[in-house]
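Participant: Structure provided below as structure tokens; questions to follow.
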Amino acid sequence: MSEVAAPRANTTPRPNPEIEGVSSDSPQPDEWTIMCYTAGDATVSASMIAQLKELTDAGFQESTNVLVYFDPNCNGRNARIFDVNNRRKKYSKEHSKKGTVIGDADDPYVRNIAEDCDTQDLQQLPAALTLRYFLEYSRTYYPARNYMLFLMGHGIIVGNDQFLPDDDDGSSVTLSELGKILKNFGERVRETKGEFHLVAFHSCGMSSVELAFELQGSARYMMGTQGSAFPGSWPYRQLLKKVFNAMAEFGADPTLSSSPYPNKLVRAILKGLQNLSFYNAHDFWHAGFSADLCMCSLDKKKVGGLKQALQSLVAELKEGLKQGAREPILLAHLESQSYFGESYTDLYDFCECLQKYCPEDGSHNGIWKACMEVRSVLETSEASSNDPKGPFDQLVVFSDYYGPAYQHSNGLSIFFPWKAPVDKVMTRYEDYEFTKELEANSWMSFLDEYFFATKRPVKGFPEVTKEESGNRIAQSPVAHPLEKLSDEQILLLGPPPRHREFAVAKWVARLQKELATLAERVANLDQGTRTPAETNKETGMPAKGLETLQKELGSLAKELGSLAASGQDVGTLAKELGSLAKELGSLSESEQVIGTPGKELGSLAKELGSLAKELGSLGKDSGSLSKEFGSLSKELGSLAKELATLGFFGITAIKNFDSPGNLIITSRPGRRTRRDLERLGDYTPG
């Protein structure tokens, strides 16, 4: 365990209230903690370093923490944690009395991110455990009123279940694990009257209906793409400066409203993050790339509003497959916006295309009505921006795109491949919250019917019924050990920050003084200096003193047990405690202590000796824990190789969408250039 260094100015963290014995005299939390979890590989880690340097160039804000967990997953380098600009902030505070410096102005100095590395060479752990560890690390050592999380790495989680893959051990994060981790973090934050505002996925294919159902109730909002996400497309320097400037404009809000809608400060930040990320990526069109970006609500009521609409749509689709709507459904599927080898489809666009083939006045008007109900839930409206709640009173808050390949994107996709994937994929899909909540009329129940109804029969053989075709092989998802570890156990997987003083350090010093005082009192037990009133007539021992000593030693033993659980080095204290236990044992056998008090003191000595041995073996236990994690990594690596054969990392299908010349196709027409407007005939010089 690393030695705890002196704290930076005015930033002593609040101790974890779950650790017994930690002082309750904790300072007020900071306003914001912004967390960036980056999991790279040999192809993207270099660009992630560039984006980490962007964060250092943004400057710093007095009441905002910026933390980065960076795992390159290549070249044998282990993960590390950066507390961005903490040294610059401390130096500025001490020398210029400035706790906030936004940007570098005309300073051409190139920042060295190594100075911000707070912990390095963290042990190799499965991907899900490292994500949970980083969130608990941030919440415990950098408590704040407001949190945001950026996740950067390979995505496409729905069906594939390989989010943020770790090439070192073959592990990754599944959709169910991601939901549990983020929900737990949100709950712990709200227990301390804080708020988890945003989880932003700088990863491919993450803005989906399935993910929204899985994450509902975790953060308030999520931001991500249905299609491709490019390294370097999100301007992290400007994103961070947006947060700092918004703090300067609106000021900190010491209380969080119970309203489900964010206050002015948070609204300004969230809208700014969407705009900056979209407009920065807009220039990728010059290289011929297309992209989309969506921000949607994770409020349970908003996500739940889509549940009934989807259940009605699924019921109508399943009935339509039996009543002659097979071809309209196929045509709508073919025409609608798709992503990644046509494994995913924009839900809104599918409904819009389906309405064209199943008109309101036709025989399948039930499908038309169900599609209209789904579209009304997914509809975005800029007209609501004049409302105090603004567009944040919608399921899909913002939805943007540019380029022909994504021009029919509307924010949320859904898993919709052309044929049934392998059993493992469908078994996992069956375990999603999205499938469970929709029950009998789940999207999965429609997929099962659709795959069978659209499958051509074997040539030369008679057609079979769905019942005769057999069911897929059920396979239980692999249990992950993170479910067995408490938040406190997760925190023990790494050291506390070097520059922050954790409250346990003072706790250790206090216990050392108490232990020395008790040892001195034990040494003086046989001195007959006490008055008769304080002395046991039978033994000559100070009865009240012995009783008090027993209670204090019991309390000390309990505190030492809690101290060990907090992950601190207890070797020295364990030795001192063992030595004290021997003295008590010898004293219990002396002529000065006889009868019941002697037996109690001897029993106490044995208990303390046993405790000393347990504390001394703590280091060995942690080594054994590392071996268990190593074995687990190998097993997960073997599983990942099997999953890699599923083939869901295909390229995005570029459908036959019209794109006149080099004209930019975008959801923000106001961004068209003068040349574009001249081509359209809408530009008048002057």
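Here's the yes/no breakdown for (1) modelled with pLDDT of 90 or more; (2) not aliphatic (A, V, I, L, M):
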position: L198; (1), (2): yes, no
position: Q226; (1), (2): yes, yes
position: V243; (1), (2): yes, no
position: F250; (1), (2): no, yes
position: P254; (1), (2): no, yes
position: P262; (1), (2): no, yes
position: L276; (1), (2): yes, no
position: A291; (1), (2): yes, no
position: M295; (1), (2): yes, no
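One line per residue, one yes/no per condition, for (1) surrounded by fewer than 18 Cβ atoms within 10 Å (Cβ to Cβ); (2) of a type outside the set (A, V, I, L, M, F, W, C); (3) closer than 22 Å to T666 by Cα:
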residue: G403; (1), (2), (3): no, yes, yes
residue: S409; (1), (2), (3): no, yes, yes
residue: P417; (1), (2), (3): no, yes, no
residue: A420; (1), (2), (3): yes, no, no
residue: R428; (1), (2), (3): no, yes, no
residue: D431; (1), (2), (3): yes, yes, no
residue: K436; (1), (2), (3): yes, yes, no
residue: E439; (1), (2), (3): yes, yes, no
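Participant: Could you grab me the full set of residues in segment 470-492 that are open to solvent by 60 Å² or more (accessible area, probe 1.4 Å) and modelled with pLDDT under 70?
Facilitator: Filtering segment 470-492 down to residues open to solvent by 60 Å² or more (accessible area, probe 1.4 Å) leaves 471-479, 483-484, 489, 492.
Scanning segment 470-492 gives N471, R472, I473, A474, Q475, S476, P477, V478, A479, E483.
Participant: Could you go through segment 127-146 and let me know if any residue there is closer than 25 Å to L395 by Cβ and in contact with a Cys (Cβ under 6 Å, 6 or more places away or on another chain). Full working, then the answer.
Facilitator: Initial filter on segment 127-146 (closer than 25 Å to L395 by Cβ): 146.
Filter again for in contact with a Cys (Cβ under 6 Å, 6 or more places away or on another chain), leaving none.
No - not one qualifying residue is present in segment 127-146.
Participant: Within segment 99-179, considering only strands (runs of 3 or more DSSP E) that don't extend past its boundaries, which have at least 3 residues that are within 12 Å of the chain's Cα centre (by Cα)?
Facilitator: Filter on segment 99-179 gives 144-152.
Participant: Looking at V101, V68, which one is of a type in the set (A, V, I, L, M, F, W, C) and under 21 Å from A200 (Cβ atoms)?
Facilitator: Numbers: V101 fails: under 21 Å from A200 (Cβ atoms).
On inspection, the qualifying residue turns out to be V68.
Participant: Tell me, which residue of segment 306-320 that is open to solvent by 40 Å² or more (accessible area, probe 1.4 Å) and within 29 Å of the chain's Cα centre (by Cα) is farthest from Q394 (Cα to Cα)?
Facilitator: Ranking the candidates gives Q308 first.
Participant: May I ask you to verify whether Y339 is crowded, with 21+ Cβ neighbours inside 10 Å and closer than 27 Å to D393 by Cα? I'd like the intermediate steps shown before the answer.
Facilitator: Numbers: crowded, with 21+ Cβ neighbours inside 10 Å: yes; closer than 27 Å to D393 by Cα: no.
Here the answer is no, as Y339 does not meet what is asked.
Participant: Give just the number: which of (1) outside any loop (DSSP other than H, G, I, E, B); (2) open to solvent by 10 Å² or more (accessible area, probe 1.4 Å) does L293 not satisfy?
Facilitator: If we test L293 against (1) outside any loop (DSSP other than H, G, I, E, B); (2) open to solvent by 10 Å² or more (accessible area, probe 1.4 Å), just (2) comes out false.
Participant: Can I ask one more? If you check E62, E94, which single one turns out to be open to solvent by 30 Å² or more (accessible area, probe 1.4 Å) and either of a type in the set (V, I, T) or under 25 Å from the mean Cα position of the chain (by Cα) (or both)?
Facilitator: Working: E94 fails: either of a type in the set (V, I, T) or under 25 Å from the mean Cα position of the chain (by Cα) (or both).
Matching residue, one of E62, E94: E62.
Participant: Give me the pairs: first residue in segment 259-288 and within 21 Å of T666 (Cα to Cα), second residue open to solvent by 50 Å² or more (accessible area, probe 1.4 Å) and part of a helix (DSSP H, G or I), beta-carbon distance under 6 Å, and six or more apart or on different chains, which are they?
Facilitator: Every condition considered, the pairs that remain are G272/K242; L276/Q238.
Participant: Take F340 and decide whether it is touching a strand residue (DSSP E or B) at 6+ places or on another chain (Cβ under 8 Å) and not polar (S, T, N, Q).
Facilitator: On the way: touching a strand residue (DSSP E or B) at 6+ places or on another chain (Cβ under 8 Å): no; not polar (S, T, N, Q): yes.
No; evaluated as a whole, the condition is false for this residue.
Participant: Check S171 against each of (1) of a type outside the set (D, E); (2) at pLDDT below 90; (3) open to solvent by 30 Å² or more (accessible area, probe 1.4 Å) and name the one condition it does not meet.
Facilitator: (3)
Participant: If you don't mind, there's one more thing I want to ask. Take segment 187-240 and flag every residue that is of a type outside the set (G, A, S) and assigned to a loop (DSSP other than H, G, I, E, B). Lay out the reasoning, then the answer.
Facilitator: Kept after step one, since they are of a type outside the set (G, A, S), are these residues of segment 187-240: 187-193, 195-199, 201-202, 204, 206, 209-211, 213-216, 220-223, 225-226, 230-231, 234-240.
Passing the criteria: T192, K193, C204, M206, Q216, R220, T225, Q226, F230, P231, W234, P235.
Participant: Next question. Could you count how many residues in segment 179-194 are at pLDDT 95 or above, open to solvent by less than 30 Å² (accessible area, probe 1.4 Å) and out of contact with any helix residue (DSSP H, G or I) (no Cβ under 7 Å at 6 or more places or on another chain)?
Facilitator: Within segment 179-194, residues that are at pLDDT 95 or above, open to solvent by less than 30 Å² (accessible area, probe 1.4 Å) and out of contact with any helix residue (DSSP H, G or I) (no Cβ under 7 Å at 6 or more places or on another chain) number 1.
Participant: Moving to a separate point now. Would you say P262 is under 30 Å from V66 (Cβ atoms) and either of a type outside the set (S, T, N, Q) or not in a helix (DSSP H, G or I) (or both)?
Facilitator: Numbers: under 30 Å from V66 (Cβ atoms): yes; either of a type outside the set (S, T, N, Q) or not in a helix (DSSP H, G or I) (or both): yes.
Considered against the rule, which asks whether it is under 30 Å from V66 (Cβ atoms) and either of a type outside the set (S, T, N, Q) or not in a helix (DSSP H, G or I) (or both), P262 comes out as yes.
Participant: Which one of the conditions (1) in contact with a Lys or Arg (Cβ under 9 Å, 6 or more places away or on another chain); (2) under 30 Å from G403 (Cβ atoms) does E360 fail to meet, given that it meets all the rest?
Facilitator: Here E360 clears every test but (2).
Participant: Okay, moving on. Any residue in segment 420-443 that's touching a residue at least 24 places away in the same chain (Cβ under 8 Å): show its pairings with residues that are charged (D, E, K, R) and crowded, with 21+ Cβ neighbours inside 10 Å at Cβ separation under 6 Å, as long as the two are six or more apart or on different chains.
Facilitator: Close Cβ pairs (under 6 Å, with a partner that is charged (D, E, K, R) and crowded, with 21+ Cβ neighbours inside 10 Å) amount to R428/D161; Y432/E210; E433/E214; F434/E210.
The values are calculated or read from the model by the stated rules, or taken from the named source; none is laboratory data. No experiment lies behind these values; they were computed from the predicted model shown. Methodologically, a virtual Cβ is constructed for each residue, glycine included, from the backbone with ideal geometry; neighbour enumeration extends over all protein chains shown. Remember, those area values only see protein heavy atoms, side chains included, never the ligands or the DNA or RNA. Shrake-Rupley method; radii C 1.70, N 1.55, O 1.52, S 1.80 Å.
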